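The values are calculated or read from the model by the stated rules, or taken from the named source; none is laboratory data. Fair warning: this is a prediction, and the values are worked out from it, not measured in the lab. Cβ atoms come from the backbone with ideal geometry, glycine included; neighbour counts cover every protein chain shown. Just so you know, the surface numbers come from the protein's heavy atoms only, side chains and all, with ligands and any DNA or RNA stripped out. Shrake-Rupley method; radii C 1.70, N 1.55, O 1.52, S 1.80 Å.
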Amino acid sequence: MKLASLKEGQFVETGGYYTKGDAGQAKYLIVAAQAADGYGDHTLANGTVAVLQIGEGLVSIDTFGADPLDTIDSRAAIIAAATHTESINGTLVGSGVYKVSSTMSIPACNISGNITINVSGVTPVSYYISVGALPKQILGQALAVKGENTITLNTGSTSNVSAGDVIMLNNSQDNSFSGFRPNYREGEFSVVSEVVGANELRVDTELFASYAGFSNTKVATVTMATVDISGISVITDETVDNLVPLLQFVGLHKSKISKLRVDGNMYANIQFRSCFDCSIDSIFSRSVQTTLSGDDYAVRVLDSQQLNFSKLSLTSPRHAFTGSASGGADTVVNREIIVSNSYIKTTGEGQQPALDLHGNSEYCTFHNNEVFGGIEIRGNHNVVTNNRVTCSTLTNSPMIYMTELKGFEHNIHDNTLIFKGTPSDTVRGVILDCGGNSDELSALTTDGGTLSFNNNKANLAFDAGSTGVAIRIVNKGCTADTNIVMDGNELLATVSNNDLQIIIAHSSGTPFKSIIDNPTKITNIRRSYTGVNGGKLPSISISGGEIIGGLSTQVNIDYASDVTLTGGLYKEGVSGGIKVNVRDRVGKVLIDGVKVLDHLTTAQAGDTSSGIFVTLAETVMINTAIIGTANTSSYRYRVTNCDTFAVGNNFTFGTGADSYSSVTNPIVNL
């Protein structure tokens, strides 16, 4: 056709782009000489131009010269087709395998079809395939208050801002969101609801953070695309991780992305960067990297907000799904990221949890997922619910791992947690770990809150003779008010001769304000709640539950002020049932309605082998308790070195004795 001399006003139909029948057939209108891109529109021999006719907004990449048979380099044709699609707000369509010879960036546009892009042989710079961009215009220095919806400019003007515009607030100062890493910087997206004046505007939601109006706190308008993208695959024969994403999406807002498939070896097979309020589903991404770079992800989220992921199938040697920070000028905290109804797996070589968010995250939710290799939560205000999490010796990761905590407000509930084998790490908690081997709850944790771990079911199918920690929560320097609530959990270790613990401890900072532990059932796991000299735990409340087995004292409390144990059945422990050491005779201990039975099945003696042992408290009350032992050399209950001890309405039996000593004011049999 290009060699023809056709007249203006003529319509021409071709049988193909390169050859007849090659899927590039199209209809053209002949017009006078004008600009032509050489892919969709073509200049003819006589100077006229054949203008591609687009029917119903559907733009076929084949009609721009893309080759669906994976033989000709289709990079330029795809770029031209996407550019044209964006300009008419159409939909880019195609079906086949399209080869590209170098890194390719296309504008965000609607895409539908079955488009496979082959990037084999490409030498990337910062990505292989990128869709979208994030143009921005700085308005000025931002002055705003957390929880409000008004933004004032100290410098600059709102003259070019309209209602409905997307804005980005950013604090470029290192650690402005969290002190754990310099690139955890504060930032957020919002939508303008009203321009109030020359230096003031309002947004449609309350702000997540405050901005001081200094040179490092800026507000900018950003141009984001709203598109519907479905049916993209990327393939490569590359075996070396080039530390760039294979497929990335940038600057999308209120978009829908679905039916993506990537098999690759890159540090991020699929990456979503600077995206806001998008729905993403039906993604298959498998990273088969064997030479780990430290950044090997099936899906990665950067600087994004309000992304809803579902129906993912992800596999990677490290984090199969992760959210992290770019550290660039456009940093936004990863907020309101949801991952649901997905299959997420780590193959274990990276020894990292499969589902992860870094410390620049808030208000994120993981629910109804099948996870192989553990879940890691950081930042603050996160929810983990109704997931099935399976770990093994291969992955060697806590099933719930808490690190880089900006705050302590997290809700972990109604999960099924399974560990098979014996973990090689005996320091971190297998079910839940917070501070087991690092200072994750530390002076850098500036926001307080309540960690809620409720209604979870854990099964630890350890090998026989194992030792380790089931749950470890340690404060190593946080001075904010923190609380722990563990309610309705069923924690089962299936092998009785393992020595497993639940450890909740204060090391430094401000002690946990309150600890509430109301289990449903615990087998073969002993519990320890420990403060330090000068840092006692102020309030511990333990109630209910069936507590079976354990190689040492089933509940051990040390350095605590006010302790309440109500209800609960403690039985078949090898050593004592309940031990409380207040330490300085300043504190109260109430034990009411508990049953401590069938302890000391092996010959042991001494205070710590008692059914109930309390020492160095101000006031001790044991009431309506049923206590029995199985060894003549132990005590059913023993109280020592206390100011006031009262016991009444108890039924004790067995061969052991009842004893109190060094009690200033004993009151027996109320």
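Below is a table of values for the structure above.
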| item | result |
| --- | --- |
| Residue that is farthest from residue 139 (Cα to Cα) [pool: residues in segment 173-193 that are buried (at least 18 other Cβ atoms within 10 Å of the Cβ) and among the hydroxyl-bearing types (Ser, Thr, Tyr)] | 178 |
| Restricting segment 395-412 to residues that are assigned to a loop (DSSP other than H, G, I, E, B) and farther than 15 Å from residue 471 by Cα, the residue that is most open to solvent (accessible area, probe 1.4 Å) | 409 |
| Hey, residue 570 touching a strand residue (DSSP E or B) at 6+ places or on another chain (Cβ under 7 Å), of a type in the set (Phe, Trp, Tyr) and open to solvent by 10 Å² or more (accessible area, probe 1.4 Å) or not | no |
| Strands (runs of 3 or more DSSP E) contained in segment 434-517 and holding at least 2 residues within 21 Å of residue 390 (Cβ to Cβ) | 449-454, 457-461, 467-476, 490-493, 499-508 |
| Residue within segment 237-249 that is buried (at least 17 other Cβ atoms within 10 Å of the Cβ) and over 26 Å from the mean Cα position of the chain (by Cα) present | yes |
| Residue tally, condition open to solvent by 50 Å² or more (accessible area, probe 1.4 Å) and either basic (Lys, Arg) or more than 30 Å from residue 237 (Cβ to Cβ) (or both), over segment 121-156 | 12 |
| Residue identified as part of a loop (DSSP other than H, G, I, E, B), over 30 Å from residue 217 (Cβ atoms) and touching a Gly at 6+ places or on another chain (Cβ under 7 Å) among 66, 108 | 66 |
| In segment 32-63, residue nearest to residue 122 (Cα to Cα) [restricted to those that are part of a strand (DSSP E or B) and open to solvent by 50 Å² or more (accessible area, probe 1.4 Å)] | 58 |
| Condition met for residue 69 (open to solvent by 70 Å² or more (accessible area, probe 1.4 Å), of a type outside the set (S, T, N, Q) and touching a residue at least 12 places away in the same chain (Cβ under 8 Å)) | yes |
| Subset of segment 329-366 (residues that are among the hydrophobic types (A, V, I, L, M, F, W, C) and either open to solvent by less than 10 Å² (accessible area, probe 1.4 Å) or closer than 14 Å to residue 178 by Cβ (or both)) | 332, 333, 337, 339, 344, 354, 355, 357, 364, 366 |
| In segment 71-97, the residues that are assigned to a strand (DSSP E or B) and in contact with a Leu (Cβ under 9 Å, 6 or more places away or on another chain) | 91, 92, 93, 96, 97 |
| Test set (1) in a strand (DSSP E or B); (2) open to solvent by less than 30 Å² (accessible area, probe 1.4 Å); (3) in contact with a Ser or Thr (Cβ under 6 Å, 6 or more places away or on another chain); (4) not aliphatic (A, V, I, L, M) - residue 114 fails condition number | (2) |
| Single residue of 480, 461 found to be open to solvent by 10 Å² or more (accessible area, probe 1.4 Å), under 15 Å from residue 419 (Cα atoms) and small (Gly, Ala, Ser) | 461 |
| Hits in segment 413-433 (condition: in a strand (DSSP E or B) and either open to solvent by 60 Å² or more (accessible area, probe 1.4 Å) or farther than 22 Å from residue 488 by Cα (or both)) | 420 |
| Failed condition for residue 383, given (1) surrounded by fewer than 24 Cβ atoms within 10 Å (Cβ to Cβ); (2) out of contact with any Ser or Thr (no Cβ under 7 Å at 6 or more places or on another chain); (3) hydrophobic (A, V, I, L, M, F, W, C) | (2) |
| Which listed residue is out of contact with any strand residue (DSSP E or B) (no Cβ under 7 Å at 6 or more places or on another chain) and under 20 Å from residue 335 (Cα atoms), from 451, 444 | 444 |
| Strands (runs of 3 or more DSSP E) contained entirely in segment 166-246, each with at least 3 residues that are in contact (Cβ under 8 Å) with a residue 60 or more places away in the chain | 166-171, 187-197, 217-222, 228-235 |
| Selection count where residues are in a loop (DSSP other than H, G, I, E, B), within 20 Å of residue 472 (Cβ to Cβ) and open to solvent by less than 40 Å² (accessible area, probe 1.4 Å), scope segment 518-551 | 7 |
| Matching residues, segment 370-394, being in a loop (DSSP other than H, G, I, E, B) and either within 12 Å of the chain's Cα centre (by Cα) or hydrophobic (A, V, I, L, M, F, W, C) (or both) | 374, 381, 394 |
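Quick grid of which residues meet (1) in contact (Cβ under 8 Å) with a residue 40 or more places away in the chain; (2) hydroxyl-bearing (Ser, Thr, Tyr); (3) at positive phi:
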site: 479; (1), (2), (3): no, yes, no
site: 487; (1), (2), (3): no, no, no
site: 491; (1), (2), (3): yes, no, no
site: 524; (1), (2), (3): no, no, yes
site: 530; (1), (2), (3): no, yes, no
site: 533; (1), (2), (3): yes, no, no
site: 537; (1), (2), (3): no, no, no
